[in-house]
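Below is one structure, written out as structure tokens; comments come after it.
The values are calculated or read from the model by the stated rules, or taken from the named source; none is laboratory data. This structure is a prediction, so every number in the text was calculated from the model and none was measured. For neighbour counting, all protein chains shown are included, and Cβ atoms are generated from backbone atoms with ideal geometry for every residue, glycine included.
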Amino acid sequence: MRLSTRSRYCVRALLDIMVNGGGVKPVPLSKVAERQEVSEKYLEQIFIILKKANIVKATRGVKGGYILAKEPKEICLGDILRVTELEVTPVKCSANKDYCDRMDRCICKVCWDNLGKVITNFIDSITLEDIRQMSITIDEGMGAIVDLSLTKLNKEIKRLKKERDAVILVHNYQRPEVHEIADYLGDSLDLSRRAAKLPQKIIVFCGVNFMAESAKVLSPEKTVLIPRLDAGCPMADMITVEELREMKNEYPDAKVVCYVNTSADVKAESDICCTSANAVKVVESLKPKRIIFIPDKNLASYVAGQTKKEIIPWYGYCYVHEFIRLSDIKEQKRKHPDARVMVHPETKPEVVRIADFVLGTMGMINLAKKSKIKEFIVGTEEGLVNRMRRENPEKKFYLPSRRPVCVNMKRTRLEDVYHSLMEMKYKIEIEKDTIKKAQKALKKMIAIK
Ligand code: 13P
Ligand code: SF4
């Protein structure tokens, strides 16, 4: 699979129309061509396809041009790529089941299928609106967005929160303006545990789906709201209950340890949960020698290096951490020789090997605060680094040059939190039986000191 320049020009042209037309004013292609430095004829060809796919509408006449056919938040990157590239799959065999007669025996199949799933998930989870937001965020630096409308929204959210007697829990990887409205800011498990202890009956969870689900599993009597239904975690989606059951059948003597980054259904099918901070302890707490460890292959590899147990991994991964390259870290080490390296165990084994510290997100926050070290190279999502910089202004934190951004985490904006509180949406609903079983797996983990 190779994305062509057509897709890039197409996205740029659509953003141009969105920004310059403001959703109401038709934008002539000649102007787009001029601003984006691309031939008008080339754009015309692309726009015929986009019009057929109902992504843009054309108006004729002197003031004619193109406008988006839908709201920018209703047009996802996947819709655009599927019309410009036709096929967006890593290899032919992951798209066409009849392509190869070795399919049932092929050891790469799981890998290609997963890669296909993560690509589809990724491109379907980003909308034109997100791309515009990301470009603002990235260009101006994460902490630098000062916008009057954000200040107003912030006030409205606080008012509504009081009125409804709700509490807002925010994950470390969220946008800086969402950090600002947090009652509690933290890692996924700590926030869910907190949710269970807080007196408020309404919890707004700004994070991704599996986190809000964990909060609901631990506090089923409360109303747990997630502001964006489409804030998923591609890694959590890489394993289904059916796939886990197949694995259990294959290794009947093994116990299943599942990382918290899984759906409630998958947790319900597992023996015990773990986080990046306690994975080794959890594995060591189990009697059997064989452990099925899902879904992150990198965390599994890290755990395998710390225990004598036999770890049977699932080949899922987090695209944000997987794409932190060894060369990126080495480059930062060359530039900042006094800095120490801390990375999340979701990074690749070769990155973990050169790190001075391998820690979960709260472990990193605590190290940054308590250690005497003044400079760190940090291998995790940039939201966490923004928090470290805010909390430790006298210290220096460097990210890999290709900044690790979880677009799923960045989907939640202040206006989504506002609508969430205003309309009491989106409520996390999980079947009673699933809650009971998933709660058992989570509580077993919590009981381990
Ligand atoms: P934490 O469990 O440390 O919050 O991390 C969650 C996550 O998504 C890491 O990528
Ligand atoms: Fe999932 Fe990775 Fe985003 Fe964490 S950073 S929510 S594991 S995609």
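Looking at (1) surrounded by 17 or more Cβ atoms within 10 Å (Cβ to Cβ); (2) in the same structural domain as Ser276 (by TED's automatic domain parsing), which one does Gly305 not meet, given that it meets all the others?
Unmet for Gly305, out of (1) surrounded by 17 or more Cβ atoms within 10 Å (Cβ to Cβ); (2) in the same structural domain as Ser276 (by TED's automatic domain parsing): (1).
Report, by residue number, each residue of segment 252-283 that is without any contact (Cβ under 8 Å) to a residue 40 or more places away in the chain, within 16 Å of ligand 1 (Cβ to nearest atom) and either farther than 22 Å from Val343 by Cβ or in contact with a Pro (Cβ under 7 Å, 6 or more places away or on another chain) (or both).
Correct list: Val266 only.
Between a first residue in segment 428-446 that is among the aliphatic types (A, V, I, L, M) and a second residue that is surrounded by fewer than 18 Cβ atoms within 10 Å (Cβ to Cβ), which pairs have beta carbons less than 6 Å apart while being 6 or more apart in sequence or on different chains?
Filtered contacts from segment 428-446: Ile435/Pro220.
Filter segment 400-417 down to the residues that are surrounded by fewer than 21 Cβ atoms within 10 Å (Cβ to Cβ) and either of a type in the set (A, V, I, L, M) or in contact with a Phe, Trp or Tyr (Cβ under 8 Å, 6 or more places away or on another chain) (or both) and list them by number.
Within segment 400-417, Arg402, Val405, Val407 qualify.
For the structure I just gave you, tell me whether Leu169 is out of contact with any Ser or Thr (no Cβ under 9 Å at 6 or more places or on another chain), assigned to a strand (DSSP E or B) and within 12 Å of ligand 1 (Cβ to nearest atom).
In short, no.
Run down Leu244, Leu326 and say which single residue is assigned by TED's automatic domain parsing to the domain that holds Leu359 and either out of contact with any Pro (no Cβ under 7 Å at 6 or more places or on another chain) or under 29 Å from Glu129 (Cβ atoms) (or both).
Leu326
Please work out which residue is nearest to ligand 1 (Cβ to nearest atom), limiting yourself to segment 393-429 and to residues that are part of a loop (DSSP other than H, G, I, E, B), closer than 22 Å to Leu359 by Cα and touching a strand residue (DSSP E or B) at 6+ places or on another chain (Cβ under 9 Å).
Here the residue is Pro404.
Mind checking which residues of segment 191-214 are within 15 Å of ligand 2 (Cβ to nearest atom), in a helix (DSSP H, G or I) and more than 11 Å from Ile168 (Cα to Cα)?
Once the filter is applied, which keeps residues that are within 15 Å of ligand 2 (Cβ to nearest atom), in a helix (DSSP H, G or I) and more than 11 Å from Ile168 (Cα to Cα), segment 191-214 yields Ser192, Asn209, Phe210, Met211, Ala212, Glu213, Ser214.
Name the pairs whose Cβ atoms lie under 9 Å apart, with the first residue in segment 210-225 and free of Cβ contacts under 8 Å to residues at least 40 places away in the same chain, the second within 16 Å of ligand 2 (Cβ to nearest atom), and 6 or more positions between them or separate chains?
So the pair list comes out as Ser219/Ser192; Lys222/Ala215.
Limited to segment 294-320, what total is found for residues that are within 16 Å of ligand 1 (Cβ to nearest atom), out of contact with any Pro (no Cβ under 7 Å at 6 or more places or on another chain) and not β-branched (Val, Ile, Thr)?
Qualifying residue count for the region: 4.
Take the residues in segment 230-259 that are small (Gly, Ala, Ser) and surrounded by fewer than 24 Cβ atoms within 10 Å (Cβ to Cβ); name whichever of them is nearest to ligand 2 (Cβ to nearest atom).
The extreme case among them is Gly232.
Name, by its number, the condition in (1) over 18 Å from the mean Cα position of the chain (by Cα); (2) in contact (Cβ under 8 Å) with a residue 12 or more places away in the chain; (3) within 14 Å of ligand 1 (Cβ to nearest atom) that does not hold for Leu384.
Result: Leu384 passes all but (1).
In contact (Cβ under 8 Å) with a residue 24 or more places away in the chain, under 21 Å from the mean Cα position of the chain (by Cα) and more than 16 Å from Phe210 (Cα to Cα): which single residue out of Glu391, Glu375, Glu415 fits that description?
After applying the criteria, what remains is Glu415.
For segment 197-224: of the residues being among the aliphatic types (A, V, I, L, M) and surrounded by fewer than 22 Cβ atoms within 10 Å (Cβ to Cβ), which is modelled with the highest pLDDT?
Ile202
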